[in-house]
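Below is one structure, written out as structure tokens, with a few remarks after it.
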Amino acid sequence: MRRFAPFPQRGMRQDFITVLVYFEGESLMRRLGPATSFLAGLVLLASPIRAELITNGTFSGSASGWTLAALLCPLATAYDPLAGNPAGSARLNTCGESNGDSVASQLVTGLSAGLTYTLTWDVLLHFAGTFAGNGESFGVFLDNQPGSPIFLGEWLDDNWHAAQVSFVATNSSHTIYLASELDLRTPGVAFNTDVSYYIDNVSLTQTGSPIPEPAMGYMVAVGLVIFRVSRQRLGRH
């Protein structure tokens, strides 16, 4: 009876090559040698790249890698060793002023222009003050804060929430801003809010494959030719 390895699940594209290699079984993969290695390489190249681009997104022991800032009440925007998911987070809190937000920012490098990246984070309400409930007290910004947010939101209960937003890189580096207590300087915000938050587990990863589709199609075609020739040679023995 032919034995099969478990079918690949997450982290690998289940395209034609993946299915082909799987159904040929482990013994054939061993006999094909270089051809199998080439095909396996193609499958890995077709897999999404998930390299972490944020430094210290879990706020482990400190807020190193981050810039925490507020115009007024600067000490209120700080690393919090107790709050977190788990413990250790950035507290985005200031004095509710109309001309300054509480901001955590980080310059991210190693990006590729034209590719899509997804930012995820955990967020918990710290304090709900003036104009809580308008849905616009928290924002994510790219290179320009407080202008042009790529995300606006609000959470007013006592639970941690997971949130995310995607964007297309236009340069090899961007500065990511996560900010609370947004005010009228930010487009889309209707009030000067006084709602502060904790953030934790911030992550930025590339979404999808870095290989252009035409190039990937060519590599797949070459791989199939090598695979077919190898099978024909095996059939002669």
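The values are calculated or read from the model by the stated rules, or taken from the named source; none is laboratory data. These numbers were taken from a predicted model, which means no experiment stands behind them. Don't worry about glycine lacking a Cβ; one is built from the backbone with ideal geometry, like all the others, and counts go over all protein chains shown.
Points to keep in mind about this one:
- Scope region 154-182; condition under 23 Å from Leu68 (Cβ atoms), polar (S, T, N, Q) and part of a loop (DSSP other than H, G, I, E, B); matching residues: Ser173
- From the options Thr77, Thr118, Thr94, residue that is surrounded by fewer than 17 Cβ atoms within 10 Å (Cβ to Cβ) and either at pLDDT below 95 or hydroxyl-bearing (Ser, Thr, Tyr) (or both): Thr118
- Sole exception among (1) surrounded by 17 or more Cβ atoms within 10 Å (Cβ to Cβ); (2) in contact with a Pro (Cβ under 9 Å, 6 or more places away or on another chain) for Ser112, by number: (1)
- Subset of region 79-126 (residues that are aliphatic (A, V, I, L, M) and farther than 12 Å from Ile199 by Cβ): Leu82, Ala87, Leu107, Val108, Leu111, Ala113, Leu115
- Hey, Ala128 farther than 17 Å from Cys95 by Cα and either out of contact with any Pro (no Cβ under 6 Å at 6 or more places or on another chain) or at pLDDT below 95 (or both) or not: no
- Test: residue in region 72-82 that is free of Cβ contacts under 8 Å to residues at least 60 places away in the same chain, in contact with a strand residue (DSSP E or B) (Cβ under 8 Å, 6 or more places away or on another chain), of a type in the set (Gly, Ala, Ser) and part of a loop (DSSP other than H, G, I, E, B): no
- Here region 135-163 is the region considered, the condition is being among the polar types (S, T, N, Q) and either farther than 14 Å from Glu181 by Cβ or in contact with a helix residue (DSSP H, G or I) (Cβ under 8 Å, 6 or more places away or on another chain) (or both), and the residue that is surrounded by the fewest Cβ atoms within 10 Å (Cβ to Cβ) is Asn159.
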